[in-house]
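A.B. asks: Please find one structure pasted underneath; my questions will follow.
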Amino acid sequence: MPLRAKVASSVSRTAAALSRAAGRGDGSVIGGWIGLKIDPELLAHLSAGRAIALVSGTNGKTTTTRLAAAAVSALGKVATNSFGANMPTGHTSALAKAGSTPYAVLEVDEHYLAQVIEATDPHVVALLNLSRDQLDRAKEVAMMAQLWRAALARHPDVRIVANADDPMVVWAATPPATHDQRITPPHVTWFSAGQRWHDDSWVCPECGSTIQRSGEQWWCTGCPLRRPDPQWTVDDEGVLDPTGAWYKVKLQLPGKVNVGNAATALAVAAEFGVRPFDAVPRLADVTSVAGRYAQVVRDGRTVRLLLAKNPASWLEAFDMADEAPTLLSINARDPDGLDTSWLFDVDFAPLRGRQVLITGDRAYDLAVRLDVNDVPFQHVRTFDEAVRAVPPGRLEVIANYTAFQDIRAELDRVN
Ligand SMILES: [Zn+2]
């Protein structure tokens, strides 16, 4: 590395360590920020010489990144931004902290994917899904797909691992029509991880016609865009690889959604030459991911934390949660987005028949929504009150970002 990059990297590590010592989080944002101030090319310098995978999408990227890093570790040391700091400051900090590693698997905020592809020159990019998120400030889904598509078209050498079930992702991974035969088509590996949420992909991003669905197939009624045949699929608690071999996937993470994330991770690792046979046992070592899915016993209740931050992830959380008393918590602070109208995009009917409790800064927004959906509920002011309101046994907690952090902090204080 150039001298300036070495200094920047060293200062970045020191700043992150100081921030941690001062109890201000994991320090990855401030460390990366200072490093990039000293050397604006620091991320590119730290990326040089590493084989890198980027993982992006609206949902599932933290978990998939963790699983992919575990899978790639079959080959050697892997740098990763495991605390979910998924912007260039976080990537810079993660690579500086890891020192020299042959591999890196980085979670990337979908808005920054183009920029991070430019800086890191990745070997593979995994595209998980695109759906509405943070209505007051995020880009429209179709705009995001367009940004991805343009970024990938500039890098036809990058290998793409993409979700065949999401029309927006398929379109983003497919290069714009061209008459220039010299341009080689990109290398795309398709996986099927399912798409429970369809409400952001009824309109074809290519031609504006409607998209039709039947079973797992989908196709545009006005142009050739349709679901490609996936090479990696999920089947009966296991994953089928492109040769048709089936691997039982035993995870410590709940839900079919996470088996899909595991399939994605195996497809990413395969791009580095990792065989599923070697990768699968490593997936079983992943327990909670930045506190998500963590289980804590408190006063005879086994509390499990599920993070859900937008309509698609709420549907997935309902699927992961057991049929047990469930606490829902909603805040609308800056990291959550200030607009809670998306609550009306989610069908809460799957919660009928469970004991439902609500809390959080915007519990009353939830109350209105549940009332409209005919789901009985009880309002509690504190997490403690929620624990006392349910019988001993399982308590599922589904919360959006800062509400999740609040409950996690509360649990950490006691345990
Ligand atoms: Zn179309």
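Each value in this text was obtained by applying a stated rule to the coordinates, not by laboratory testing. Predicted model, so just to flag it, every value in this text is computed and none were measured. Because the Cβ atoms are built from the backbone with ideal geometry, glycine has one as well, and the counts that use them run over all protein chains shown.
A.B. asks: Using the charge dipole of the chain (Lys, Arg: +1 at Cβ; Asp, Glu: -1 at Cβ; taken about the Cα centre), state which of ALA270, ALA98, VAL203 has its Cα farthest towards the positive end.
C.D. replies: Value computed over the given set: ALA98.
A.B. asks: If you don't mind, another one. Relative contact order for region 3-283 using alpha-carbon pairs under 8 Å, separation at least 6, rounded to a whole percent?
C.D. replies: 17 percent
A.B. asks: What order do you get for 296-303, 383-390 when each peptide is scored by the mean count of other beta carbon atoms within 10 Å, highest first?
C.D. replies: 383-390, 296-303
A.B. asks: Excluding ASP235 itself, what net charge comes from residues whose Cβ is under 13 Å from its Cβ, given Lys and Arg +1 and Asp and Glu -1?
C.D. replies: Spelling it out: positives minus negatives among the neighbours equals -2.
A.B. asks: Determine which lysines satisfy two conditions relative to LYS250: a Cα distance under 30 Å, and not lying fewer than 8 residues away in the same chain.
C.D. replies: LYS61, LYS77, LYS309
A.B. asks: So, with +1 on the Cβ of K and R and -1 on the Cβ of D and E, and no other charges, what is the size of the charge dipole of region 73-173 about its Cα centre, to the nearest 20 debye?
C.D. replies: 220 debye
A.B. asks: Further question: Please give every one of the lysines within straight-line cross-link reach of LYS6, meaning a C-alpha to C-alpha distance under 16 Å, and leave out same-chain neighbours fewer than 8 residues apart.
C.D. replies: Of all the lysines, those that pass the test against LYS6 - Cα under 16 Å, at least 8 places apart if same chain - are LYS37, LYS97.
A.B. asks: Mind jotting down the distance between the C-alpha centroids of region 327-393 and region 88-125, whole Å?
C.D. replies: Spelled out, the Cα-based centre of one part sits 36 Å from the other.
A.B. asks: For region 9-84, what's the relative contact order in percent, using C-alpha pairs closer than 8 Å and at least 6 residues apart?
C.D. replies: Normalised by residue count, the contact order of region 9-84 is 20 percent.
A.B. asks: Another question, if that's okay. Take every DSSP beta bridge whose two residues both sit in the chain, then give the antiparallel share in percent to the nearest 5.
C.D. replies: Approximately 30 percent, going by the DSSP bridge assignments.
A.B. asks: Also: If you project the alpha carbons of region 295-410 onto their three principal axes, what span does each projection cover, largest first, in Å?
C.D. replies: Its Cα atoms span 35, 29, 24 Å along the three principal axes.
A.B. asks: Can you work out ³J(HN,Hα) from phi for every residue in region 78-89, in order, using Karplus 6.51 cos²θ - 1.76 cosθ + 1.60 and θ = phi - 60°, giving whole Hz and x for Gly and Pro?
C.D. replies: Per residue, the Karplus-derived 3J(HN,Hα) values read 10, 8, 7, 8, 6, 9, x, 7, 10, 10, x, 4 Hz.
A.B. asks: Based on alpha-carbon centroids, what's the gap between region 50-67 and region 185-214 in Å, whole number please?
C.D. replies: 20 Å
A.B. asks: Using the Kirkwood radius over C-alpha pairs as Rh, can you work out the diffusion coefficient of region 1-56 via Stokes-Einstein at 4 °C, viscosity 1.567 mPa s, in µm² per second?
C.D. replies: 110 µm²/s
A.B. asks: State to the nearest 20 debye the size of the charge dipole of the chain about its Cα centre, where the only charges are +1 on K and R beta carbons and -1 on D and E beta carbons.
C.D. replies: 1200 debye
A.B. asks: Same structure again: Add +1 for every Lys or Arg and -1 for every Asp or Glu among the other residues with Cβ under 15 Å from the Cβ of ARG282, and state the total.
C.D. replies: +3
A.B. asks: So what's the gap between the Cα centers of region 223-287 and region 1-43, to the nearest angstrom?
C.D. replies: Region 223-287 and region 1-43 have Cα centres spaced 35 Å from each other.
A.B. asks: Calculate log10 I(q)/I(0) of region 3-283 for q = 0.13, 0.14, 0.15 Å⁻¹, where I(q) comes from the Debye formula with a single equal point scatterer on each Cα and nothing for solvent.
C.D. replies: Ignoring solvent entirely, the Cα scatterers give -0.87, -0.99, -1.12.
A.B. asks: Give me the one-decimal nm value for the distance between modelled label points at ASP339 and ARG388, 7 Å along each residue's Cα-to-Cβ direction.
C.D. replies: Result: 3.9 nm between the two label points.
A.B. asks: Now for a separate question. Using Cβ contacts closer than 10 Å as the measure, can you line up TRP202, TRP342 from fewest to most?
C.D. replies: Taking fewest neighbouring Cβ atoms as first place, the list is TRP202, TRP342.
A.B. asks: Fewest Cβ neighbours within 10 Å first, please rank SER19, SER288, SER192 accordingly.
C.D. replies: The fewest-first ordering by Cβ neighbours comes to SER288, SER19, SER192.
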